[in-house]
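Student: One structure is given below, represented as C-alpha cells, and several questions about it will come after.
The values are calculated or read from the model by the stated rules, or taken from the named source; none is laboratory data. Keep in mind that this is a model prediction, so the values were computed, not measured. Don't worry about glycine lacking a Cβ; one is built from the backbone with ideal geometry, like all the others, and counts go over all protein chains shown. These area figures cover heavy atoms from the full protein model, side chains too; ligands, DNA and RNA do not enter into them. Shrake-Rupley method; radii C 1.70, N 1.55, O 1.52, S 1.80 Å.
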Amino acid sequence: MSDGTATTTDLDVRLEKHRVELTGYCYRMLGSSFEAEDAVQDTMVRAWRSYDKFEGRSSLRSWLYRIATNVCLDMLTAGNKRARPMDLTESTPLAQAALSPRPDHTWLEPMPDSRVLPTTDDPAEAAVAKESVRLAFMAALQQLPPKQRAVLILREVLAWKASEVAELLGTTVASVNSALQRARATLAEQQQPGTDAVASDPLDEEQQKLLERYVAAFEGYDMTALTALLHEDAIMTMPPFDLWLTGVDDITGFMTTLGAPCAGSRLVPVQVNGLPGFAQYKPDPEAGGFTPWAVQVLEISDGRITGFHCFLDTKRWFPLFDLPLHLEAEADQVEEGV
C-alpha cells in the first residue's frame, strides 16, 4: 500500500511540473483562460487514469501534449473562435457609442502571465513565449483551423521538430510542413492591431516612465496628460461590450462621458498576456473604498500607448489574477496579484 501511495504522489508531482506550459498551450489553442484550465485538468485526469498504458516510447511531456492536443481539438469541434471587438465590428464614432454586451464565449480572454509562461533562463525563449500570448497574436491564431493552430504553436512557439509534431498528431512530416506553410500564409495576410506592441522583459526605463505617467494621468483623470501618452490611432476596447473606439478624441471623450464614474480610480499593476496591465478599482460610493472595475491590458509602441483594452467581467477576472475584491480608501496600493 505504501509503495502505491508513493508512486501516486510521485506521478502527481511529475504531472504538475508541466501544468504551466500545458496551460499556455491550451490557452493559445482555445483563446479562453477558463477553458484552458479546464482542458489542462482534463489532460491531467486522463494521464493519471491511463498512466499504466504509457509505454515510455516518448517523453512524459510529449505524451501530455498529445493528450492536451486531443482535448483541445475536441473542444474546438464546435467551430467556436474567440475574438476581440475589432475582429467583429467596425469602429464606432463616440456620438453613436452604445454598450451592447455579447456572450462570454464570444471573447478572447485575458490571462495572467504566471499561469501560462514557464520560468526559463533563456531570454530568447522567454521573449517568444511572451509574444505568443499577446492579444494580437492570440486573435490571429483564432483565424486558423484547429489543426493548423496546433502545428503553428508546436513548431514556431514551442520549437518542436516537424517529426515530433507529426508523431503527436498521427500524421506525416509533409502534412505538418504543409499545414505550417498555410498557417504562416494566413497570419501574413492579416494586419492585426497590436502586432507591434512591446513585450520587453523587464520594461526598459522609457517604457517604465510611460507607465508611471499613465498611472498618474488615469488616477488623476487628467485627459490632457492622457492625450500626450496615447497614439493618435490608439484603440480602446471593453469586452463584454462589442463597442470599440479609435483615436484620442473618441477615447478621452468616452472617458469623460459614459466612462466618467471611473474618475478617482486606483490602478494595481498586473502582468497579463505578456504585456503591462493594471487592475482598475473605481470608487465605491456605497461601501467606501474601491471596487473592482476592469483588468486593463496596454499595448505600447514607439513610446506611446496604442491599445487600451479593458476586460470588465471582474467577478471572473479578479479571482483569476488573485486580486482582492475590495480596496480600502486609505490603501494607496496593494500587493501585485500575480
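Student: Return yes or no: is Asp38 in a helix (DSSP H, G or I) and modelled with pLDDT under 95?
Tutor: no
Student: Hey, another quick one. For the stretch 144-178, give me each residue that is under 28 Å from Leu88 (Cβ atoms), in contact with a Leu (Cβ under 8 Å, 6 or more places away or on another chain) and not in a helix (DSSP H, G or I).
Tutor: Matches in the stretch 144-178: Leu144 only.
Student: Shifting gears a bit: Could you please let me know if Ala83 is of a type in the set (A, V, I, L, M) and within 24 Å of Leu108 (Cα to Cα)?
Tutor: The answer is yes for Ala83.
Student: Let me ask something else. Whether any residue in the stretch 89-102 is part of a helix (DSSP H, G or I) and modelled with pLDDT of 90 or more is what I want to check.
Tutor: no
Student: Can you pull out every residue in the stretch 12-35 that is in a helix (DSSP H, G or I), loosely packed, with under 15 Cβ neighbours inside 10 Å and over 16 Å from the mean Cα position of the chain (by Cα)?
Tutor: The answer is Asp12, Val13, Arg14, Glu16.
Student: Ok, one more. With respect to Pro101, determine if the residue is open to solvent by 60 Å² or more (accessible area, probe 1.4 Å), of a type outside the set (A, V, I, L, M), farther than 25 Å from Thr171 by Cα and touching a Phe, Trp or Tyr at 6+ places or on another chain (Cβ under 8 Å).
Tutor: yes
Student: Checking the conditions here, which among Leu108, Leu94, Leu60 is in contact with a helix residue (DSSP H, G or I) (Cβ under 8 Å, 6 or more places away or on another chain) and within 21 Å of Glu189 (Cα to Cα)?
Tutor: Values: Leu94 fails: within 21 Å of Glu189 (Cα to Cα); Leu60 fails: within 21 Å of Glu189 (Cα to Cα).
Going through Leu108, Leu94, Leu60 in turn, the sole match is Leu108.
Student: Here's something else I'd like to know. Out of the stretch 167-192, which residues are under 22 Å from Met138 (Cα atoms) and of a type in the set (A, V, I, L, M, F, W, C)?
Tutor: Start the filter on the stretch 167-192 by keeping residues that are under 22 Å from Met138 (Cα atoms), which leaves 169, 176-192.
Scanning the stretch 167-192 gives Leu169, Val176, Ala179, Leu180, Ala183, Ala185, Leu187, Ala188.
Student: Report yes if Ala95 is closer than 22 Å to Ser59 by Cβ and either open to solvent by 40 Å² or more (accessible area, probe 1.4 Å) or touching a strand residue (DSSP E or B) at 6+ places or on another chain (Cβ under 7 Å) (or both), otherwise no.
Tutor: The answer is no for Ala95.
Student: Filter the stretch 135-166 down to the residues that are open to solvent by 20 Å² or more (accessible area, probe 1.4 Å) and over 19 Å from the mean Cα position of the chain (by Cα), then identify the one that is nearest to Cys310 (Cα to Cα). Can you show your working first?
Tutor: Of all residues in the stretch 135-166, those open to solvent by 20 Å² or more (accessible area, probe 1.4 Å) come to 137, 143, 145-148, 155-159, 161, 163-164.
From the residues that got through so far, the ones that are over 19 Å from the mean Cα position of the chain (by Cα) too are 145, 147-148, 155, 159, 161, 163-164.
Details: Pro145: 28, Lys147: 30, Gln148: 30, Arg155: 31, Ala159: 32, Lys161: 37, Ser163: 41, Glu164: 39 Å.
Out of the qualifying residues, it is Pro145.
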